[in-house]
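Have a look at the structure below before the remarks.
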Amino acid sequence: MKITHFFVLLFLFSASLLIMLKPQQYQKADSEKIPQMEIEDFTLYEINTEGVKSVVSGTVGRQYDLYYEVENAHYVENKNRMGEHLYADKGKFEKDIAYLDENVRYFRDDGLSFESDHAVYDTKKELLYVPKSFVLTQNKNVIYGNELHYNAKSGEIDAKQINASYYMKDKK
């Protein structure tokens with residue numbers, strides 16, 4: 001066999017492999033789904049010229065390009081004197097909006113609290129929206145409903161489809 005025949009056969013074999021077997025294509029990873037940073041058991045403080053603006057803590061935190069996720073989230077905002085605390089098993093914070101899921105709980109120092117499975121909180125406007133069922137309590141008073149709007153600045157609460165047990169003090 002001549003050397004030229006060997007190279008021709010080698011070329012034909014390589015060409016047939018290229019045609020028969022497709023080259024493996026690598027899939028590019030979506031950079032939005034890969035966290036840039038991941039931390040455990042953390043507390044984040046947002047500080048401005050007036051002092052501590054807000055505090056976020058959790059057991060696991062992942063920072064992505066446009067948002068960050070927190071497991072066992074605890075959010076405290078230091079804008080008013082109500083002592084407001086917001087808890088959730090899962091939280092996604094995107095710009096000024098907090099999307100809270102699974103076992104969402106809100107507590108205020110004056111005794112007002114609510115529980116739900118999902119809530120959206122606009123930290124800039126201080127508006128809390130609960131699109132699904134919720135339970136709101138204050139002292140012995142209990143309100144069940146399907147949609148809740150709470151303005152933390154004014155203290156106004158708006159709810160739909162409510163069922164309430166409200167206790168009033170006796171007048172003497």
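The values are calculated or read from the model by the stated rules, or taken from the named source; none is laboratory data. Quick caveat, the model's predicted, so the values are computed rather than measured. As a convention, Cβ positions derive from the backbone with ideal geometry for all residues, glycine included, and neighbour counts pool all protein chains shown.
Let's see how each residue does on (1) under 21 Å from V70 (Cβ atoms); (2) touching an Asp or Glu at 6+ places or on another chain (Cβ under 9 Å):
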| site | (1), (2) |
| --- | --- |
| F107 | yes, yes |
| S113 | yes, no |
| V130 | yes, yes |
| S133 | no, yes |
| T137 | no, yes |
| Y144 | no, no |
| I157 | no, no |
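Sort out which residues of region 129-148 are closer than 14 Å to H118 by Cβ and either assigned to a strand (DSSP E or B) or among the hydrophobic types (A, V, I, L, M, F, W, C) (or both), and write them in order of number.
The initial filter retains those residues of region 129-148 that are closer than 14 Å to H118 by Cβ, namely 129-135, 145-148.
Matches in region 129-148: Y129, V130, F134, V135, G145, E147, L148.
Considering only region 31-70, state which residues are outside any strand (DSSP E or B) and of a type outside the set (A, V, I, L, M, F, W, C). Before the answer, list the steps.
Taking region 31-70 first, the residues outside any strand (DSSP E or B) are 31-36, 49-50, 64-67.
The answer is S31, E32, K33, P35, Q36, T49, E50, Y64, D65, Y67.
When the residues of region 50-64 are filtered to those that are in contact with a Ser or Thr (Cβ under 8 Å, 6 or more places away or on another chain) and without any contact (Cβ under 8 Å) to a residue 40 or more places away in the chain, which remaining residue is surrounded by the most Cβ atoms within 10 Å (Cβ to Cβ)?
Step one: list which residues in region 50-64 are in contact with a Ser or Thr (Cβ under 8 Å, 6 or more places away or on another chain), which gives 54-57.
Add one more test, that the residue is without any contact (Cβ under 8 Å) to a residue 40 or more places away in the chain, and what stays is 55-57.
On the way: V55: 16, V56: 21, S57: 16.
Looking at the filtered set, the residue picked out is V56.
Quick one: would you say Y99 is within 23 Å of E40 (Cβ to Cβ), in a strand (DSSP E or B) and either more than 20 Å from the chain's Cα centre (by Cα) or aromatic (F, W, Y) (or both)? Steps first, answer last, please.
Values: within 23 Å of E40 (Cβ to Cβ): yes; in a strand (DSSP E or B): yes; either more than 20 Å from the chain's Cα centre (by Cα) or aromatic (F, W, Y) (or both): yes.
Here the answer is yes, as Y99 does meet what is asked.
Going through region 84-106 one residue at a time, which ones are touching a strand residue (DSSP E or B) at 6+ places or on another chain (Cβ under 7 Å) and of a type in the set (D, E, K, R)?
Going residue by residue through region 84-106, those that are touching a strand residue (DSSP E or B) at 6+ places or on another chain (Cβ under 7 Å) are 84-93, 96-106.
Passing the criteria: E84, D89, K90, K92, D96, D101, E102, R105.
Condition first: without any contact (Cβ under 8 Å) to a residue 60 or more places away in the chain, part of a strand (DSSP E or B), on the phi < 0 side of the Ramachandran plot and touching a Ser or Thr at 6+ places or on another chain (Cβ under 8 Å). Now tell me which residues in region 71-91 satisfy that.
Filtering region 71-91 down to residues without any contact (Cβ under 8 Å) to a residue 60 or more places away in the chain leaves 71-76, 78, 81, 83, 85-91.
If we keep only those that are part of a strand (DSSP E or B) too, we end up with 71-76, 85-91.
Next, from what is left, pick out any that are on the phi < 0 side of the Ramachandran plot: 71, 73-76, 85-91.
Selection gives E71, A73, H74, Y75, V76.
Within region 107-128, identify whether any single residue is in contact (Cβ under 8 Å) with a residue 60 or more places away in the chain, in contact with a strand residue (DSSP E or B) (Cβ under 9 Å, 6 or more places away or on another chain) and in a strand (DSSP E or B), and answer yes or no.
no
Return the residues of region 93-117 that are at pLDDT 90 or above and surrounded by fewer than 18 Cβ atoms within 10 Å (Cβ to Cβ); say none if nothing qualifies.
E94, I97, Y99, D101, E102, N103, R105, E115, D117, listed by residue number.
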